[in-house]
Each structure stands twice: as structure tokens, then as C-alpha cells.
Amino acid sequence: MHSFLIGLQFLTRIRLVRQTEWTAEDFGRSTRFFPLVGLVLGICYALFALLLLYAVGMRALTAALLLVLPLLLTGGLHADGFMDTADGVFSGRDRERKLEIMKDSKVGAFGVVSFVMLMFVQYALISDMHPLLLIPALFVMPVIGRFAMVLSVACFPYAREDGMGKTFADMADRKTIVIAALITMILVLPWGGLAALALVLGTVFALLFCRLITHVLGGVTGDVYGAATVLTETLVLFVYSLASTQPNVWGLLWK
């Protein structure tokens, strides 16, 4: 429970218990419980979506507010990592300079443009989604996204010699992956074939994305953890949105 609460406090703005003393071992143990952090977020997203569907209906305002909620609950942590990753990877500089750009607290043009484009895509995916699929999509999305983060932490080398993300990477092992995978499957698979497909595609995407970044940077960083999470969540939305617009092809998976 202690490790889970540390992960919850680090990855979100949700404070069930205020903890001020963290050790490297505490950080390392919390990694395996990241999907449970996704569970807390998924419950919040799903309940908020139910409220909006009841009060507003499936309108543009609903889609917009559902994009704002994750930023509020996570403090924009993963969005910041995505923007920093875009700034560094698309800068066209050498490896060391890319890592320096990503470490800079200022957000550049590539990061802003990439994030705006991502928000447009997520807005379109939510707007096109069938109301019956919106709730399960928003529930499993953060769970699969945090499992993608576990994979990026445990399966790839850290690109820098130091940094907060390295603390997670040093403590992660096969046991971390196994525990996180079991938790993720328990939370996701009961939602049916479409959720299972989203989990498989999200897992494959996260591994391929981090492999590509490792080729470019020589490893991953804390910013890449956030980017992998945000992009995997977008892929989950894509799967559910496509199922909504192509019921003849995907109907058997979500019924």
C-alpha cells in the first residue's frame, strides 16, 4: 500500500495520504503499481464522463472537458514529458544536444505544435466515439497507459547517468513487469475483446516507440516515459473510436 500511495502521489495530484519521505527503494517498488494508479484515474474519468453524458450529452463540450480532466488530475506531468520529447527528437541535433533540449524546462515550438496536434486528434477520437464505448474507453485508457510506462521503465536502458527517471529504471526488474502485467490484465480484460485488443496494441506500440527512441537517444528518459503514456492512451482512444465508426468490422469485439 505504501508503494502504491507513493506512485499515486508522484504521478497525479490526488493525495490520499501525504508522504514527504521517499527513498530510492520506495520509488522502485511503486513502479509495479502504476496500473493501479491508472485504475484511480480511470474511475475518475469514467465517473466524470457519466456525469457529462447525463448533464450535457455527447457534445463538443463533453469532449473538450474530458481532455482537460487528465491534465488537471496529473498536473500535466505526462504532457510535459511528451512536449519535451518532441522538442528533443525533432530538433535534428546530435544525441547529447537532444538530451540537453529535453532537460530544459522551457517548451519549444516542436513541443507546443506536437501537443496541439495531439489534442486535436484526441478531441476528434472522443467526439466520434459511441456513448456506450466512452465509459469503458476512459476506464481502461489510463490503466494501459501506465502499463506502457512500466514497460518503458523496465525494458529499456536509461539514456542519462542521473535523473529522477533513473531511480525507477534502476529498481525495475522482471518481477516489476510480471506484477504490473497481471494487475493490468485483471483490470482490462473483463471489459471484453475490444479492451483486450487495445491492451495488445498499446503494449506493442509502447515497446516499438521506446525502441525507436532508444535508437535515437541511446536510451529513454523520464520525458519519454510520459510520451509513451500519452501516445499509448491516444492509441486506446483510436481503437474505441474506430469501433464506433466501423461497427460492422469491430462490433463483435465490443458487444
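The values are calculated or read from the model by the stated rules, or taken from the named source; none is laboratory data. Remember, it's a predicted structure, so these values are computed and weren't measured experimentally. A quick note on method: Cβ atoms are made from the backbone with ideal geometry, for glycine too, and the neighbour counts reach across all protein chains shown. Protein only, heavy atoms only, side chains kept; ligands, DNA and RNA dropped before computing areas. Shrake-Rupley method; radii C 1.70, N 1.55, O 1.52, S 1.80 Å.
Observations
- Some residue of segment 89-111 being within 19 Å of the chain's Cα centre (by Cα), assigned to a helix (DSSP H, G or I) and exposed (fewer than 13 other Cβ atoms within 10 Å of the Cβ): no
- Out of Val204, Val143, Val178, sole residue that is free of Cβ contacts under 8 Å to residues at least 12 places away in the same chain, under 18 Å from Val224 (Cα atoms) and not aromatic (Phe, Trp, Tyr): Val204
- Selection count, segment 40-88, where residues are touching a residue at least 12 places away in the same chain (Cβ under 8 Å), open to solvent by less than 40 Å² (accessible area, probe 1.4 Å) and in a loop (DSSP other than H, G, I, E, B): 1
- Conditions (1) surrounded by fewer than 17 Cβ atoms within 10 Å (Cβ to Cβ); (2) β-branched (Val, Ile, Thr); (3) in contact with a Gly (Cβ under 8 Å, 6 or more places away or on another chain); number of the one not met by Val37: (1)
- Some residue of segment 13-26 being under 19 Å from the mean Cα position of the chain (by Cα), in a helix (DSSP H, G or I) and either at pLDDT below 90 or among the aromatic types (Phe, Trp, Tyr) (or both): no
- Cβ-Cβ contacts under 7 Å between residues 6 or more apart (or on different chains), taken from a first residue in segment 9-22 that is open to solvent by less than 50 Å² (accessible area, probe 1.4 Å) to a second residue that is modelled with pLDDT under 70, are listed as Gln9/Gln19.
- Test: Cys210 is open to solvent by 40 Å² or more (accessible area, probe 1.4 Å) and more than 15 Å from Leu36 (Cα to Cα): no
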